[in-house]
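In what follows, a single structure is set out as structure tokens and then discussed.
The values are calculated or read from the model by the stated rules, or taken from the named source; none is laboratory data. Because the structure is a prediction, the values reported are computed rather than measured. Here Cβ is always computed from backbone atoms with ideal geometry, including for glycine, and neighbour counts include all displayed protein chains. Areas reflect the complete protein model, heavy atoms only, side chains present, ligands, DNA and RNA absent. Shrake-Rupley method; radii C 1.70, N 1.55, O 1.52, S 1.80 Å.
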Amino acid sequence: MSLDSITGWLVWVIPLISSLFVPLISKFSAKARNYFVVLIAAITTGLALSMVPGVFFGSGEPTVSSVVWFAGINAGVFIDPLSVLFTSLVAFFGLIIAVYSLGYMAHEEGLTRYYFLLLLFIGSMIGLVISDNLLQMFIFWEMVGLCSFTLISFWYKRPESVKAGTKVFIMTRIGDIALLGAIALVYVSLGTFSFREIIAGISSIPIPTLTAIAFLTLGGAIAKSAQLPLHTWLYSAMEAPTSVSALLHSATMVKAGIYLIARFILIIGPLAAALPYWLPTIAWIGVLTAIVGATLAFYTNDIKGVLAYSTISQLGFMMAALGTASSASSLGWFASLYHMMSHAFFEGLGFLLAGGIIHALGTRDMRLMGGLKKAMPITFILAVIMIITTSGLPPFAAFFSKGLIITSISETGNLVQTIILFATTMLTFAYSLRFMALIFMGKESDHITKMHPHEAPKTMLYPAIVLAILCVVWGVAQPLVASFMHVELEISLVGAFVNLETPIFLSLLLPTGLLIYYTYYKTSSNIRTIVSGKNPITTILSHGYFFDDIYNAIAKGITKVSNSLGHFEDKYNLIPQKVASGFFRFASAVHSSFDVATDQFLNVIATRSISGASEIHKFDVLLDKFLSAIGNKTVSGASEIKRKTPSTSLQHYIAAAVLGFVLIVILIILTMGV
């Protein structure tokens with residue numbers, strides 16, 4: 001077993017097992033518990049990053065290490081560029097959030113439960129992306145969902161937190177059922193869960209069956225990565241602690257769907273292009289999710305809500321790029337994963353800053369903020385970096401990753417999708433500037449004056465600074481990332497500045513920026529009146545395009561039907577009882593009548609039998625007398641014969657014997673008849 005294989009096991013086993021020691025250590029010292037979690041997160045990060053050189057300088061072929069699990073099924077690790085990329089991201093953000101939590105969660109109750117779930121979450125997500133078979137992957141998939149549910153509901157004394165956790169759990173289960181169906185179809189078709197064996201035999205699966213598998217897999221990704229129409233749970237998940245939100249959005253649950261589709265494209269290879277409507281469906285879902293998320297981010301006044309809808313929109317970009325990827329060598333496949341990393345850095349930074357702001361002000365409503373630039377200057381500088389990166393401005397990370405995505409879409413020739421994505425970039429720039437204006441610009445609000453805000457603790461700022469640095473340098477790391485993924489790019493860093501999409505993109509940002517500037521920085525009332533007024537657009541946006549209204553209507557309809565059936569049963573429950581009683585009485589009557597008839601029949605037979613036996617007995621007595629008389633006569637005759645002819649009348653003896661034998665036979669027959 002190679003060193004990378006051993007590391008591939010340890011990188012998820014260590015955080016899972018270590019999570020069990022958190023409650024034990026907390027019995028001795030809360031501080032020791034907290035730093036134990038940080039230490040384990042650091043070890044996990046070191047193990048994950050240690051696999052990078054082996055993949056970077058390797059051939060690109062996967063390394064598989066497995067052991068027998070049960071019933072001929074193996075458990076193992078699948079080490080390739082995709083799994084190591086995700087493993088490194090999850091482990092790194094686990095460390096970032098563990099350090100950040102030292103400050104953000106310092107005064108919260110239930111920290112033993114929190115840190116236990118944090119390590120369990122990290123280990124489960126790494127186990128998901130590094131598994132070498134579908135069954136093991138699905139088990140970790142469910143563990144990730146369970147950890148998300150419990151962490152989102154961490155403040156279980158708040159009804160809204162419990163409600164949000166339940167909503168997340170139910171909506172993501174829809175996708176889990178779809179994914180489980182896909183796994184079942186693969187196993188029925190090939191008799192294996194192993195990635196390697198599936199890759200070897202995938203061409204033997206009929207295209208209709210493979211298409212069904214592909215769409216069921218997409219269903220799992222849609223729910224997990226909050227894509228239309230199952231995207232509404234992600235905003236509700238903002239009831240979690242902000243540290244959890246940062247981990248959830250940056251590196252764990254919402255990225256699982258992106259990993260799933262990217263892995264599936266690797267598994268089916270060139271067959272992806274042969275599946276009818278599958279790739280176009282992925283692209284359209286991504287494009288529509290991107291613009292819907294962006295419009296909702298522009299409308300909401302919740303600081304975490306802006307970041308949540310931004311995540312939905314950016315996930316749409318990633319999914320749209322995957323919809324153009326007919327293989328792992330496609331530009332869209334790499335662009336999606338590259339932007340996935342960019343998004344992790346700038347969105348994670350956004351959540352860490354939001355946590356500091358909420359920590360200082362005690363509110364998530366941006367309308368109560370304003371003028372924070374003076375009170376929180378470091379947070380302001382970091383927010384500027386976050387906003388520039390989110391907007392896709394050069395030379396930061398998202399400029400290169402978003403540019404690759406738009407290029408991959410435009411190369412398909414789909415003009416409508418390209419236009420929608422350009423419009424989405426405009427909206428992204430708009431809600432980013434609005435975010436800055438409402439929180440940091442202008443005069444201090446009355447709420448801020450009362451709160452006397454201050455900078456976040458160092459344990460919260462240092463992780464944010466690290467992410468800000470990555471937002472700056474990740475863009476120029478594109479060639480290295482492409483080499484790591486063993487993908488050849490035709491677009492260079494310099495080419496990203498001069499291709500056709502870049503001037504179009506920058507020209508669209510100018511009018512958008514001016515509009516937001518005059519609306520929020522010069523306090524023009526035009527746009528604000530439209531946004532705050534009553535009109536069809538604000539009605540649609542305030543209801544989130546009515547997705548939750550539709551789901552609530554469906555749920556209420558099901559509940560109403562169920563209650564109606566319950567009332568019907570309560571009202572008419574005597575009917576089945578009466579029917580059952582009628583059947584019982586009928587059966588009892590039949591049973592009683594049958595018993596009487598049977599008894600009478602047996603009595604008749606018994607009476608006739610006794611009468612016949614009496615008659616036979618009389619006949620038997622009469623026959624005995626007759627035989628006795630014959631016997632006496634025979635003896636008398638024999639004596640007479642003996643006197644007269646004692647030695648010569650043998651014929652008489654024979655006749656008497658024959659007659660006696662005949663009579664005995666008749667008697668035996670009559671007796672047997674009785």
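Residues that are among the hydrophobic types (A, V, I, L, M, F, W, C), under 20 Å from Ala297 (Cα atoms) and either crowded, with 19+ Cβ neighbours inside 10 Å or in contact with a Cys (Cβ under 6 Å, 6 or more places away or on another chain) (or both) do not occur anywhere in segment 327-334.
Criterion first (in the same structural domain as Ser2 (by TED's automatic domain parsing) and open to solvent by less than 20 Å² (accessible area, probe 1.4 Å)) does Gly123 satisfy it? For Gly123, the condition - in the same structural domain as Ser2 (by TED's automatic domain parsing) and open to solvent by less than 20 Å² (accessible area, probe 1.4 Å) - is met.
So that you can scan it fast, the table gives a plain yes or no per residue for (1) aliphatic (A, V, I, L, M); (2) at pLDDT below 75; (3) in a helix (DSSP H, G or I):
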| residue | (1), (2), (3) |
| --- | --- |
| Lys534 | no, no, no |
| Thr539 | no, no, yes |
| Asp548 | no, no, yes |
| Ala555 | yes, no, yes |
| Lys560 | no, no, yes |
| Ser564 | no, no, yes |
| Glu569 | no, yes, yes |
| Ile575 | yes, yes, yes |
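Scanning segment 169-208 for residues that are assigned to a loop (DSSP other than H, G, I, E, B) and touching a residue at least 60 places away in the same chain (Cβ under 8 Å) turns up just one, Phe193. Scanning segment 209-261 for residues that are of a type in the set (A, V, I, L, M), open to solvent by 20 Å² or more (accessible area, probe 1.4 Å) and either in contact with a strand residue (DSSP E or B) (Cβ under 9 Å, 6 or more places away or on another chain) or not in a helix (DSSP H, G or I) (or both) yields Leu228, Leu230. Within segment 131-153, residues that are more than 17 Å from Thr87 (Cβ to Cβ) and in contact (Cβ under 8 Å) with a residue 60 or more places away in the chain sit with their Cβ atoms under 6 Å from residues that are open to solvent by less than 20 Å² (accessible area, probe 1.4 Å) and outside any helix (DSSP H, G or I), at 6+ positions apart or across chains, in these pairs: Leu151/Ala240; Ile152/Ala240. Just one residue in the set Ala91, Ala75, Ala164 is open to solvent by 10 Å² or more (accessible area, probe 1.4 Å), within 22 Å of the chain's Cα centre (by Cα) and small (Gly, Ala, Ser); that residue is Ala75.
Scanning segment 532-553 for residues that are open to solvent by 70 Å² or more (accessible area, probe 1.4 Å) and within 13 Å of Thr232 (Cβ to Cβ) turns up His543, Tyr545, Phe546, Ile550, Asn552. Please indicate, with yes or no, whether at least one residue in segment 404-416 is aliphatic (A, V, I, L, M) and within 16 Å of Glu347 (Cβ to Cβ). Yes.
Being open to solvent by less than 10 Å² (accessible area, probe 1.4 Å), among the hydroxyl-bearing types (Ser, Thr, Tyr) and out of contact with any Cys (no Cβ under 8 Å at 6 or more places or on another chain) is the requirement here; does Thr172 meet it? Here the answer is yes, as Thr172 does meet what is asked. Checking each residue in segment 490-507 for being aliphatic (A, V, I, L, M) and open to solvent by less than 50 Å² (accessible area, probe 1.4 Å) picks out Ile491, Leu493, Ala496. All of Ile268, Ile285 fail the test of being within 30 Å of Ile207 (Cβ to Cβ) and either part of a loop (DSSP other than H, G, I, E, B) or open to solvent by 10 Å² or more (accessible area, probe 1.4 Å) (or both), apart from Ile285. Annotation note: of Gly362, Gly348, Gly355, Gly370, the sole residue that is over 25 Å from His231 (Cα atoms) and open to solvent by less than 10 Å² (accessible area, probe 1.4 Å) is Gly370.
Yes/no per residue for (1) among the aromatic types (Phe, Trp, Tyr); (2) over 30 Å from Pro457 (Cβ atoms); (3) at pLDDT 95 or above:
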residue: Tyr115; (1), (2), (3): yes, no, yes
residue: Leu120; (1), (2), (3): no, no, yes
residue: Met125; (1), (2), (3): no, no, yes
residue: Phe138; (1), (2), (3): yes, yes, yes
residue: Lys157; (1), (2), (3): no, no, no
residue: Glu160; (1), (2), (3): no, no, no
residue: Leu180; (1), (2), (3): no, yes, yes
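Considering segment 426-444, the residues that are under 17 Å from Ile504 (Cβ atoms) and touching a Leu at 6+ places or on another chain (Cβ under 7 Å) include one that is least open to solvent (accessible area, probe 1.4 Å), namely Phe429.
Listed here are the residues, each with its yes/no results for (1) among the polar types (S, T, N, Q); (2) in contact (Cβ under 8 Å) with a residue 24 or more places away in the chain; (3) assigned to a helix (DSSP H, G or I).
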residue	(1), (2), (3)
Ala308	no, yes, yes
His343	no, yes, yes
Gly350	no, yes, yes
His359	no, yes, yes
Thr379	yes, yes, yes
Val384	no, yes, yes
Ile387	no, yes, yes
Pro394	no, yes, no
Phe400	no, yes, yes
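Selection of first residues in segment 209-226 that are in contact (Cβ under 8 Å) with a residue 40 or more places away in the chain and over 24 Å from Ala237 (Cα atoms) and of second residues that are in a helix (DSSP H, G or I) and open to solvent by 10 Å² or more (accessible area, probe 1.4 Å), restricted to Cβ pairs under 8 Å at least 6 apart or on distinct chains, gives the following pairs, ordered by first then second residue: Leu210/Ile202; Leu210/Leu271; Ala214/Phe264; Phe215/Thr281. Among residues of segment 4-33 that are free of Cβ contacts under 8 Å to residues at least 60 places away in the same chain, those with a beta-carbon under 8 Å from a residue that is in a helix (DSSP H, G or I) and of a type in the set (D, E, K, R) at least six positions away or on a different chain give the pairs Ile25/Arg33. The residue that is modelled with the highest pLDDT, among those in segment 30-70 that are farther than 20 Å from Gly127 by Cβ, open to solvent by 40 Å² or more (accessible area, probe 1.4 Å) and not in a helix (DSSP H, G or I), is Phe57.
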